[in-house]
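K.L.:
Mind looking over this structure? Questions follow.
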Amino acid sequence: MTRGRFITFEGTEGVGKSTQIETARAALASAGVEVLVTREPGGTPMAEAIRELLLTPRDESVNPLTELLLMFAARAQHLHEHILPALDRGCWVLCDRFTDATYAYQGGGRGVPMEQIALLEQLVQGDLRPDHTILLDAPVETGMARARDRSAPDRFEQEKMEFFQRIRDCYRQRAAEQPQRYHIVDATGSLEEVSRQIASLVLSFRH
Ligand code: Z5A
């Protein structure tokens with residue numbers, strides 16, 4: 001049995017990750033590939049409960065280390081109970097955010113030292129890294145404008161523009177450092193243009 005591919009979707013708020021993960025799922029399914037779509041933080045009942053803890057706005061300020069540890073606690077549960085069993089049975093896993101988001105949000109955004117994130121990454125994941133990471137890239141303002149009409153902002157969405165700018169910078173820097181894994185897609189185009197690129201990109205991962 002060939003192990004499935006692990007593909008992650010990243011980017012700042014509202015760039016179209018959830019929309020494009022569905023495009024990717026449909027393209028792969030029509031090519032006969034078995035696909036599991038999941039997300040972080042979350043993906044199992046317990047990890048979804050941790051997501052709720054992380055996203056709920058609260059009066060108490062949240063220490064960046066608490067946030068970091070909760071992200072990796074959710075990830076350990078998700079990875080071992082859901083992602084790894086799927087990959088082992090040959091299923092492709094499409095995940096809406098993964099550890100690159102931790103480097104971008106907790107590292108770039110909150111200022112947690114990257115070495116601390118790398119330590120936890122190794123502890124929780126061992127050698128597992130995504131086979132491909134699709135970075136949907138657009139100016140922060142573009143994503144915010146697209147996401148604006150939704151429900152009340154969660155704890156992350158309440159942050160200022162500079163926070164999201166640091167996150168975008170961090171993603172772009174990581175993509176430049178790891179060009180073999182990262183695929184940058186310009187997310188400013190129309191829905192049809194971006195979807196076309198995503199479908200052709202994920203289909204190319206079969207070879
Ligand atoms: N977080 C973290 O800090 N550390 C970690 O390690 C992890 C996560 C894993 C939850 O993530 C939060 O957790 C997140 C980071 C943090 N906080 N923030 N911000 P999330 O992924 O659930 O939340 P999100 O980033 O806010 O996702 P989102 O806002 O749902 O955005 P999206 O999935 O990228 O966008 P979308 O829902 O597909 O599209 C938004 C709207 O734009 C929608 O109406 C679409 O129809 C429209 N759209 C999409 N593409 C286009 C184009 N091309 N043109 C026009 N309109 C479009």
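Read-outs throughout are calculated quantities, based only on the coordinates presented, and are distinct from any laboratory measurement. Not measured: the values here are computed from a predicted model. Note that each Cβ is placed from the backbone with ideal geometry, even for glycine, and that neighbours are counted across all protein chains shown.
K.L.:
For the peptides 53-62, 130-139, 198-207, what is the packing order when you average, over each peptide's residues, the other Cβ atoms within 10 Å and list the highest mean first?
P.N.:
In decreasing order of mean packing, 53-62, 130-139, 198-207 become 130-139, 198-207, 53-62.
K.L.:
Ok, one more. For segment 137-148, take each phi angle, set θ = phi - 60°, evaluate the Karplus expression 6.51 cos²θ - 1.76 cosθ + 1.60, and give the result in whole Hz per residue in order, putting x for glycine and proline.
P.N.:
Listing the rounded values in order: 10, 7, x, 3, 4, 4, x, 5, 5, 5, 8, 4 Hz.
K.L.:
With only alpha-carbon pairs counted, each pair once and no self-pairs, how large is the Kirkwood hydrodynamic radius of segment 36-96 in angstroms?
P.N.:
In segment 36-96 this quantity evaluates to 12.2 Å.
K.L.:
Answer rounded, prolate or oblate for segment 105-207, using the Cα gyration tensor with square roots of eigenvalues a ≥ b ≥ c: rounded when a/c is under 1.5, else prolate when a/b is larger than b/c, else oblate.
P.N.:
oblate
K.L.:
Test of the criteria: in segment 99-151, which trypsin sites (Lys or Arg not before Pro) are in a DSSP loop and have at most 12 other Cβ atoms within 10 angstrom of their Cβ?
P.N.:
Passing both the DSSP loop test and the Cβ count: R148, R150.
K.L.:
Calculate the length of the line joining the C-alpha centroid of segment 175-194 to that of segment 138-172, in whole Å.
P.N.:
17 Å
K.L.:
Taking amide H positions as placed in the peptide plane 1.01 Å from N, state which residues far from T8 in sequence (5 or more) or on other chains have amide H under 5 Å from it.
P.N.:
C95, H132, T133, I134
K.L.:
Among A27, L119, G16, which residue has its Cα furthest toward the positive end of the charge dipole of the chain, with +1 on Lys/Arg Cβ and -1 on Asp/Glu Cβ?
P.N.:
A27
K.L.:
Based on Cβ point charges of +1 for Lys and Arg and -1 for Asp and Glu, what charge dipole magnitude is obtained for segment 6-204 about its Cα centre, in debye rounded to the nearest 20?
P.N.:
Result for segment 6-204 is approximately 120 debye, rounded to the nearest 20.
K.L.:
How high is the relative contact order of segment 6-204, in percent, counting Cα pairs under 8 Å that sit 6 or more residues apart?
P.N.:
Rounded, it is 36 percent for segment 6-204.
K.L.:
If you rank T44, T8 by fewest surrounding Cβ atoms within 10 Å, what's the result?
P.N.:
T44, T8
K.L.:
Two decimals is fine: what's Rg over Rh for the chain, C-alpha atoms, Kirkwood radius as Rh?
P.N.:
That ratio equals 0.94.
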